[in-house]
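A short reminder: the numbers here are calculations on the coordinates, not readings from a lab. Because the structure is a prediction, the values reported are computed rather than measured. Cβ placement follows ideal geometry from the backbone for every residue including glycine, while neighbour counts extend to all protein chains displayed.
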Amino acid sequence: MIRHLLLTGLPGVGKTTVMTQLSHALTAYHPDGFFTREIRENEIRKGFEVVTLDGHHQLLSHVTLPGPFRVGRYGVDLAGFEKLLETIDLRHSPSRVVILDGIGKMECLSQRFIQEVEALLDSSKMLTATVALKGEGFPTKVKSRTDCHLANVTFQNRSTLAVTLVPAIKTILTPDKEGPDVASS
């Protein structure tokens with residue numbers, strides 16, 4: 001039975017935009033989780049920050065960050081990210097819906113993050129997350145789970161995908177239902 005929703009697609013296609021729309025559509029369920037936002041300076045992407053749904057901000061990566069944890073040209077503040085994960089403690093959140101934007105290379109440098117995602121996937125909560133289209137490792141493992149619906153965000157469907165997916169998500173969240181008929185995407 002489908003219990004979780006994963007959004008995938010090319011970089012820059014609008015996964016975060018669709019996830020934001022889903023978050024707004026699910027406010028009655030009091031979702032918990034975070035979004036990953038670009039940090040831009042003079043129109044040039046310099047890094048990323050994590051912004052929780054309750055308003056906490058934490059630097060995730062930046063081109064000027066030194067240290068051993070790197071993804072491409074970005075240094076990753078692994079200690080800061082893990083401290084944020086400890087603070088928001090998603091697996092013990094009272095919310096039935098957890099939004100993660102996203103399950104990517106930077107986040108997966110953290111073993112704590114991987115353990116949190118695995119625990120969420122095995123819990124009674126619904127995980128709604130973005131995940132990289134390409135790559136290997138943990139994101140691929142998550143995408144291969146039979147209890148996850150994988151929706152591909154494209155330039156053609158990004159403006160309507162959230163509206164299409166909300167009824168299926170609400171069906172998943174409604175007890176006494178056999179399971180959703182997830183709309184094709």
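Counting Lys and Arg as +1 and Asp and Glu as -1 over every other residue whose Cβ lies under 12 Å from the Cβ of LYS134, the net charge comes to +1.
Name the GluC sites (Glu not before Pro) in region 1-66 that are in a loop by DSSP and that have at most 11 other C-beta atoms within 10 Å, would you?
Values: sites: GLU38, GLU41, GLU43, GLU49; in loops: GLU43.
Taking region 1-66 and a limit of 11 other Cβ atoms within 10 Å, the loop GluC sites (Glu not before Pro) found are GLU43.
Scalar couplings 3J(HN,Hα) for region 19-34, obtained by applying the Karplus form with A = 6.51, B = -1.76, C = 1.60 to θ = phi - 60°, are 5, 5, 4, 4, 4, 5, 5, 9, 4, 4, 8, 6, x, 10, x, 8 Hz; x denotes Gly and Pro. Taking 29 Å as the straight-line reach from the Cα of LYS83, the lysines in range (excluding those fewer than 8 positions away in the same chain) are LYS15, LYS46, LYS105, LYS125, LYS134, LYS141, LYS143.
Relative contact order for region 65-185: 19 percent, from Cα pairs under 8 Å spaced at least 6 residues apart, divided by residue count.
For helix 111-121, what angle does its Cα long axis make with the longest principal axis of the chain, in degrees from 0 to 90 and rounded to 10? Roughly 10 degrees between the two axes. Shown for the chain is the translational diffusion coefficient from the Stokes-Einstein equation, using the Kirkwood radius over Cα pairs, a temperature of 4 °C and a viscosity of 1.567 mPa s: 77 µm²/s.
Estimated from helices alone, the mean residue ellipticity of the chain at 222 nm is -8500 deg cm²/dmol (sum of -39500 (n - 2.57) over DSSP H runs with n ≥ 4, per residue).
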